[in-house]
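In what follows, a single structure is set out as structure tokens and then discussed.
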Amino acid sequence: MKIAMIGTGYVGLVSGVCFSDFGHEVVCVDKDPRKIEMLEAGQVPIYEPGLDTLMHKNVEAGRLSFTLDLASAIDGADAVFIAVGTPTRRGDGHADLTYVMAAAEEIARTAKDYVVIVTKSTVPVGTNRKVKEVVAAANPALDFDVASNPEFLREGAAIDDFMKPDRVVVGVETERAAKVMEDIYRPLYLRDFPIVTTDLESAEMIKYAANAFLATKITFINEIAALCEKVGADVKSVSKGMGMDGRIGNKFLHAGPGYGGSCFPKDTKALARIGQEHATPISIVETVIKVNEEVKRRMIDKLLDLCGGSFNGKTVAVLGVTFKPNTDDMRDAPSLTIVPALVGGGAVVRACDPQGRREGEHLLPGVDWIEDPYAAARGADLLVILTEWNEFRALDLPRLASSMTTPHMADLRNIYDRDDAKNAGFTAYDGIGRGGAGTSAA
Ligand code: UDX
């Protein structure tokens, strides 16, 4: 199969590289000459474990290439994937479809033969139908179908998620398009990974409903965590006990400082908007959005308590600024709410993150960047664990505590226990929802 992938952002690049590894001929297109130059020089513009190796392998095999020229990429392609950004539009919370529609028009103007136009970007229900209209209007003679093929890739685990998905969702209207999509995903199909083939609207809805459900699950446990603190329960035990019920499942039940990233905040807002527009509000999702903001603010209160009521003049070491480990992405990261509150309150903030510094330097002004967690903690009044990078999971706690001026720890990912912290010399420890055995002042 020949595939054109429009957009070499996170989703487009990972999908393009993985499709080429399936043995397809893939041309990735982008409008940004710097990105294409980098990719042609063998450099990966984003941090994603394993992506560079897989990219080099397939470029060398002659199956993967990059270009600025959409027309040459589309020439002879069986399918063109639209994987451009759909950011939240300022003001109304809608997904901004400018880039998707511009790509659709450009495909219409350049395509010659039958092609399946596949939307991979997360788009509101009804968008694929609009794409169809736009293409038909721009080039009435073109023989084409549209397909919806949402992605479910987690940053930091994207290659594995692509190669071993729980499911692939394909929304189509014709047998012909279904066949093309089946051929594209055949390597997975042969390995028994289920493909859910459905209509366009259902495929679009599956993506929003899945992400909103996961965001709800996290927010649910975050609220339970707050209550655990009040009633003396430990949310880690509560999650474990709940998660062993097969109907609930143990994934996405880790209490933390609030969800972030490029998908959950954007997709929950977009789904809430779609509901309102159709006079069918998804109240639960509207509440999740609100509660997630409260969760982030609650973290600031925790830190204030550990600093004796004021940040002024305190030195705070923050371990982790990215929205989760194994990514350099800081979109909607809890650090963007928490760190400015520390800086604004007069604290000296030292941040340490294996990948977050490059973005963090722009997004978090007034922060000192330190490579090593031990150096960051030296002389500090509070150690905050904000992202659970593996590098921070087995720190030498006695070494940290003995080097701090005030050995207090805010473990916002629950990777340590109160007793361990206490035995290591921390005089105060607070986690999330650890009112029982796990936490409170040591
Ligand atoms: C998510 C979805 O998992 C993926 O299917 C979708 O298509 C894109 O969005 P991603 O944003 O990469 O992927 O991150 P994910 O691992 O899902 O985590 C999202 C956020 O939830 C992070 O801020 C993470 O820290 C938080 N989280 C996750 C929790 O707080 N607790 C959990 O138990 C799980």
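The values are calculated or read from the model by the stated rules, or taken from the named source; none is laboratory data. Because the structure is a prediction, the values reported are computed rather than measured. Using ideal geometry, Cβ is built from the backbone for each residue, glycine included, and neighbour counts are taken over all protein chains shown.
From (1) more than 11 Å from the ligand (Cβ to nearest atom); (2) hydroxyl-bearing (S, T, Y); (3) assigned by TED's automatic domain parsing to the domain that holds G261, pick out the condition that doesn't hold for S239.
Tallying (1) more than 11 Å from the ligand (Cβ to nearest atom); (2) hydroxyl-bearing (S, T, Y); (3) assigned by TED's automatic domain parsing to the domain that holds G261, S239 fails exactly one: (1).
Hey, could you check the range 210-236 for residues that are surrounded by 16 or more Cβ atoms within 10 Å (Cβ to Cβ) and of a type in the set (K, R) and say which is nearest to the ligand (Cβ to nearest atom)?
K217
Being small (G, A, S), assigned to a helix (DSSP H, G or I) and free of Cβ contacts under 8 Å to residues at least 40 places away in the same chain is the filter here; which residues of the range 212-268 pass it?
Listed by number, the residues that qualify are S239, G241, G243.
When you scan the range 400-410, do you find a residue that is over 12 Å from D381 (Cα atoms) and either β-branched (V, I, T) or assigned to a loop (DSSP other than H, G, I, E, B) (or both), even just one?
No.
Would you mind telling me which numbered condition in (1) outside any helix (DSSP H, G or I); (2) under 24 Å from S20 (Cβ atoms); (3) within 13 Å of the ligand (Cβ to nearest atom) K207 fails?
(1)
Any residue at all in the range 241-251 that's in contact with a strand residue (DSSP E or B) (Cβ under 9 Å, 6 or more places away or on another chain) and not charged (D, E, K, R)?
For the range 241-251, residues in contact with a strand residue (DSSP E or B) (Cβ under 9 Å, 6 or more places away or on another chain) and not charged (D, E, K, R): absent.
How many residues, within the range 269-293, are in a loop (DSSP other than H, G, I, E, B) and either within 11 Å of the ligand (Cβ to nearest atom) or under 16 Å from the mean Cα position of the chain (by Cα) (or both)?
Count: 0.
Only one of (1) within 20 Å of the chain's Cα centre (by Cα); (2) surrounded by fewer than 20 Cβ atoms within 10 Å (Cβ to Cβ); (3) at pLDDT 95 or above; (4) under 23 Å from E105 (Cα atoms) is not met by D52, so which one is it?
(4)
Name the residues in the range 125-150 that are in contact with a Phe, Trp or Tyr (Cβ under 8 Å, 6 or more places away or on another chain) and at pLDDT below 95, would you?
Within the range 125-150, just V125 meets the criteria.
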